[in-house]
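Q: Below: one structure in structure tokens.
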Amino acid sequence: MNTRTTQELQAADAAHFLHPFTDHLGLAKKGARVITRADNIYLWDSDGHKILDAMSGLWCVNVGYGQQALVDAATRQMRQLPFYNAFFQTATPPAIELAELLASVTPPHFKRVFFSGSGSEGNDTVVRMVRRYWDLLGQPQRQVIISRHNAYHGSTMAGASLGGMAGMHAQGGLPIPGIVHIEQPYWWAHGRGLSKDDFGRLAASWLEDKIQEVGAENVAAFIGEPVQGAGGVIIPPATYWPEIQRICDAHGILLVSDEVICGFGRTGQWFGCETLGFKPDLMTFAKGVTSGYVPLGGVMVGDRVADVLVQQGGEFAHGYTYSGHPVACAVGIANIKLIQQLDLVRHVREDVGPLLAEAYAQLSEHPLVGSAETCGLMAALLLVKDKARGTAFAEDREVGMLCRSHCFREGLIMRAVGDRMIIAPPLVITRAQVDEMVALIRRCLDLTLADVTARGWLS
Ligand code: PXG
């Protein structure tokens with residue numbers, strides 16, 4: 001148990017802990033917010049403030065906090081066998097059982113899994129695996145992987161390269177060779193002159209253009225998040241993914257769905273590709289597989305790739321110490337069984353997802369909101385300066401950050417990606433809690449509106 005004061009913790013934090021994606025000097029001046037405990041959809045900080053966590057930790061605590069079944073699974077497994085590896089022709093029961101369970105909840109052509117410790121590692125595995133696949137088929141020149149601007153696929157060298165975050169590419173000489181990007185299917189930014197359906201087809205045609213430019217014979221795979229999460233919950237038009245699928249099929253290119261955020265019920269189906277209407281060859285997962293209780297990730301390998309890898313592959317010279325970690329896998333099993341017991345995928349699809357969509361339709365009337373979109377339990381509000389004309393605020397106003405600071409003060413975790421305010425609450429959220437969350441969001445929008453009005457930023 002923590003017995004230190006907030007100030008003591010902040011001082012030690014500033015002295016020793018280099019946080020991810022953080023300006024350390026800036027944080028040291030303010031002091032980190034220290035979270036000490038959690039239950040259901042709520043967190044408490046070291047000063048005792050209660051906070052509604054509308055981001056599920058970091059898009060991962062799908063079953064909510066405090067689920068005893070996951071704690072028990074970890075404890076039992078730690079006692080029985082805390083670690084053994086899966087190299088050298090060995091396996092452990094939890095890794096075997098989780099592999100079997102994953103095959104049962106994923107689309108039928110996924111029967112095999114490669115485990116990693118995180119989503120980034122999973123995407124490193126994707127890069128290695130798709131190149132290996134084409135090698136085995138005698139087409140070693142098929143090296144290029146096409147991804148999208150503003151995608152997030154992790155922070156390792158391969159993950160950050162696959163991702164399309166300009167700020168990440170600017171540091172450390174990225175992307176690595178053989179990874180190229182096309183524009184994202186973001187209607188508001190790139191297609192407002194078109195109907196959403198026409199824009200979806202146009203955005204997919206950018207893939208065709210890139211394939212022509214690179215040469216189909218050189219392209220190994222296309223990778224995308226069904227709904228871009230960290231990029232700001234960018235929900236593509238319904239026409240987009242089926243057209244992407246058609247283009248990949250026409251050129252024999254592997255299709256990879258990064259399900260790290262969209263997987264395990266987030267969109268109202270088990271996997272985002274099922275909601276968005278496509279059938280990938282590989283799926284990266286992490287986060288929701290254990291609801292974030294312990295780290296685990298991996299890649300679901302569809303029959304097309306698995307058959308080549310397994311039947312004619314010999315040794316695939318790739319793997320991690322923690323591939324199939326028994327404690328992580330035991331928690332994954334308990335987590336998936338709990339999602340099934342609580343019927344959370346249906347709860348999102350038929351109950352709280354539609355309720356959130358209705359609430360967001362109402363929020364779209366708010367004077368600051370230029371667009372309000374939801375997909376299952378992911379949602380985004382775009383804050384704009386002029387609703388009628390659809391004019392954005394100047395970037396340096398940082399209106400999203402202003403709104404986010406109101407959220408913090410009001411006891412709500414909602415993220416700002418530029419001026420897109422995004423949420424992805426735990427899937428266990430009840431109807432009453434959706435109302436409570438939406439009331440808090442509305443209050444923070446009103447406070448932000450009062451601020452920008454007082455500052456004269458609306459004119
Ligand atoms: N793919 C996707 C789609 C992700 O969202 C990763 C891969 C990498 O997973 P790991 O486990 O290596 O972090 C992610 C991670 C944000 C944010 O700001 C999002 C993620 C991670 C950190 C911050 O929204 N997603």
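Please treat every number below as a calculation from the coordinates, not as lab data. Remember, predicted model here, so these are calculated numbers, not experimental data. Don't worry about glycine lacking a Cβ; one is built from the backbone with ideal geometry, like all the others, and counts go over all protein chains shown.
Q: Hey, what number do you get for the chain at 222 nm if only DSSP H runs of n ≥ 4 count, each worth -39500 (n - 2.57), divided across all residues, to the nearest 500? If you can, show how the numbers build up before the last one.
A: Details: 17 runs with 189 residues, N = 459.
Taking each H run of at least 4 residues, the total per residue is -12500 deg cm²/dmol.
Q: Now a separate question. Three principal axis extents, largest first, for the C-alpha atoms of segment 112-271, in Å?
A: 43, 35, 33
Q: Would you work out which of Thr156, Ile176, Ser120 lies farthest towards the positive end of the dipole of segment 85-194? Charges go on Cβ: Lys and Arg +1, Asp and Glu -1.
A: Working it through, the farthest residue towards the positive pole turns out to be Ile176.
Q: If you take all C-alpha pairs in segment 198-312, what percent of them are over 24 Å apart?
A: 28 percent
Q: Per the Cauchy relation, a quarter of the hull surface: what is the mean projected area of the convex hull of the alpha carbons in the chain, in nm²?
A: Answer in nm², one decimal: 22.4.
Q: Under Stokes-Einstein, with the Kirkwood radius over Cα pairs standing in for Rh, what whole-number D in µm²/s applies to segment 168-263 at 25 °C and 0.890 mPa s?
A: 172 µm²/s
Q: So, one more: What are the ³J(HN,Hα) couplings of segment 289-302, residue after residue, when phi is run through the Karplus curve with 6.51, -1.76, 1.60 and θ = phi - 60°? Round to Hz, x for glycine and proline.
A: 5, 10, 6, x, 5, 9, x, 6, x, x, 10, 7, 10, x
Q: Further, regarding this structure: Return the long-range amide H neighbours of Ile182 (sequence gap of 5 or more, or a different chain), with a cut-off of under 5 Å between placed amide H atoms.
A: Here Ser147, Arg148, His149 satisfy the definition.
Q: Calculate I(q)/I(0) for segment 68-341 by the Debye formula, one identical point scatterer on each C-alpha and no solvent, and give its log10 at q = 0.10, 0.14 Å⁻¹ to two decimals.
A: Once normalised to I(0) and log-transformed, intensities are -0.50, -0.96.
Q: Please compute P(r) over all alpha-carbon pairs of segment 35-165, binned at 5 Å starting from zero, and give each bin as a whole-number percent.
A: Bin by bin from 0 Å, the calculated values are 2, 8, 10, 13, 17, 18, 14, 9, 5, 3, 1, 0, 0.
Q: Now a separate question. What share of the DSSP beta bridges in segment 68-341 is antiparallel, in percent to the nearest 5? Write down the numbers at each step before the final one.
A: Numbers: 11 of 25 bridges.
Just about 45 percent of them are antiparallel.
Q: Let me ask something else. So, with +1 on the Cβ of K and R and -1 on the Cβ of D and E, and no other charges, what is the size of the charge dipole of the chain about its Cα centre, to the nearest 20 debye?
A: For the chain, the charge dipole is close to 480 debye.
Q: Number of Lys-Lys pairs in the chain under 27 Å by Cα, sequence gap 8 or more or different chains?
A: Qualifying lysine pairs in the chain: 14.
Q: Can you give the direction-averaged projected area of the convex hull of the alpha-carbon atoms in segment 305-459, in nm²? Write out the running numbers ahead of the final one.
A: Values: hull surface 56.4 nm².
Mean orientational projected area (segment 305-459, Cα hull): 14.1 nm².
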